[in-house]
Amino acid sequence: MRYSLERRKQASGIMMVAPSVIALSVFVIFPIINSIYLSFLDYNLLKGVREFAAFSNYTHIFQDSRFWGALWNTCYFTLGYVPLLTIIALFLAVLLDRKMQVAVKLFQAIYFLPAITSMAIVAIGWRYILDPNIGIIFGVLESIGLKSVPLLQNTKLAMPTVIGISLWKQIGFSMVILLAGLKSISDTYYEAAAIDGSGRIHTFFRITLPLLLPSLSFVIITNIISSFQVFDQIYVLTKGGPLFKTEVLVYYIYYQGFTLFKIGYASALSSILFILILLITIFQVKKFMQREIEV
């Protein structure tokens, strides 16, 4: 009887997880395996011919100057986006960490509102706002006699502009995560610090920041992963221009796969991106785990 009950529990558990396992296999695991397989083929979608190419796609990647340019642009975006996002989101979270005030709740909703909007929709809106011919910003600047600069068409300002728009879109989400982390810190720590005469800055760096480390690590790791996968705003705002200055890895993969229809080469690029994200994630997780142990 007991054995039969255990079998029923196991069967129930399998039935509960089966839909998630099937969805994960169909939409994640199988595409990854198939992409790795295609990366070893000379496969052009228009020609419809698949020929085994061994490692030729991978050797071509390291000789491809546009790949290195896209990798640099991706790193540039990540290095400009993630630190600023983390600092601003942390500042707003600390600023809004108040007890049930109507104004605070209103500002929390305002900051979070862009995060629930599609990036494509946000990018389309900003593209019209920054349009040098019909954009609101340029119209206001010209009306007061100031010279306007076409930000998205400028080789030096295009990427910082994309970073700024991405920050405006995503700061609210990271702020909410950090705000939840702040709410989970017990008041007893702050009461003890106040009794010891600790100032606000000292309390923040000695108590708040170490105890907020799990939330901070989540925000940093997830945003690094998302920044290496940036695509929507690049596609809508700049199409990788001007002069490839905003062409990132995912957009270059899209260009190879769905403009030139070189599926084999695009799959090899995807595999390289997958390996990069995996290595960076493992490194970050180990670092944050070590810091949590030290704390």
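Listing for the model above:
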| read-out | value |
| --- | --- |
| Unit charges on C-beta of K, R, D, E only; dipole of the stretch 66-294, Debye | 300 debye |
| Which of Lys47, Lys147 has the fewest Cβ neighbours within 10 Å, and the rest in rising order | Lys147, Lys47 |
| Sequence-distant residues sharing a close amide H with Asp42 (under 5 Å, placed H) | Glu51, Phe52, Ala53 |
| Förster-model FRET efficiency, 25 Å R0, Ile88 and Gln63, C-beta, rounded to 0.05 | 0.05 |
| Choice from Thr259, Thr246, Thr161 with maximal GNM fluctuation in the chain (Cα, 10 Å cutoff) | Thr259 |
| Distance in nm between pseudo-label sites at Leu213 and Val49 (7 Å out along the Cβ direction from Cα) | 5.8 nm |
| For the chain, built as a Gaussian network whose Cα springs stay under 10 Å, the top-fluctuating residue of Gly13, Gly125, Gly69 | Gly13 |
| Residue with peak Gaussian network fluctuation, the chain [Cα springs, cutoff 10 Å], from Phe91, Phe30, Phe283 | Phe30 |
| Magnitude of the charge dipole, the stretch 195-295, Cβ model with Lys/Arg +1 and Asp/Glu -1, debye to 20 | 140 debye |
| FRET efficiency, Ala23 to Ile225 (Cβ-Cβ, R0 30 Å, nearest 0.05) | 0.90 |
| Phi-based couplings in Hz for the stretch 223-228 (Karplus 6.51, -1.76, 1.60; Gly and Pro marked x) | 6, 5, 4, 5, 6, 6 |
| Size of charge dipole - the stretch 20-98 - debye, nearest 20, with Cβ of Lys, Arg +1 and Asp, Glu -1, no other charges | 100 debye |
| Spacing of the two label points (7 Å from each Cα toward its C-beta) at Phe283 and Phe258, in nm | 3.0 nm |
| The stretch 8-17 - phi-based ³J(HN,Hα) in whole Hz, Karplus 6.51/-1.76/1.60, Gly and Pro as x | 5, 5, 5, 5, 5, x, 4, 5, 6, 8 |
| Lys239-Ser198 FRET efficiency (beta carbon distance; Förster radius 45 Å; 0.05 resolution) | 0.30 |
| Radius of gyration, Dmax [the stretch 66-294; alpha carbons; angstrom] | 20.6, 67 |
| The chain, helix-only ellipticity at 222 nm - DSSP H runs n ≥ 4, -39,500 (n - 2.57), divided by all residues, nearest 500 | -22000 deg cm²/dmol |
| Candidate lysines - alpha carbon under 23 Å from Lys105, same-chain residues fewer than 8 apart omitted | Lys169, Lys183 |
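Computed from the coordinates by the stated procedures, all read-outs in this text should not be read as laboratory data. All of these numbers come straight from a predicted model, not from anything done at the bench. Every residue, glycine as well, gets a Cβ built from its backbone with ideal geometry; the counts of neighbours run over all protein chains shown.
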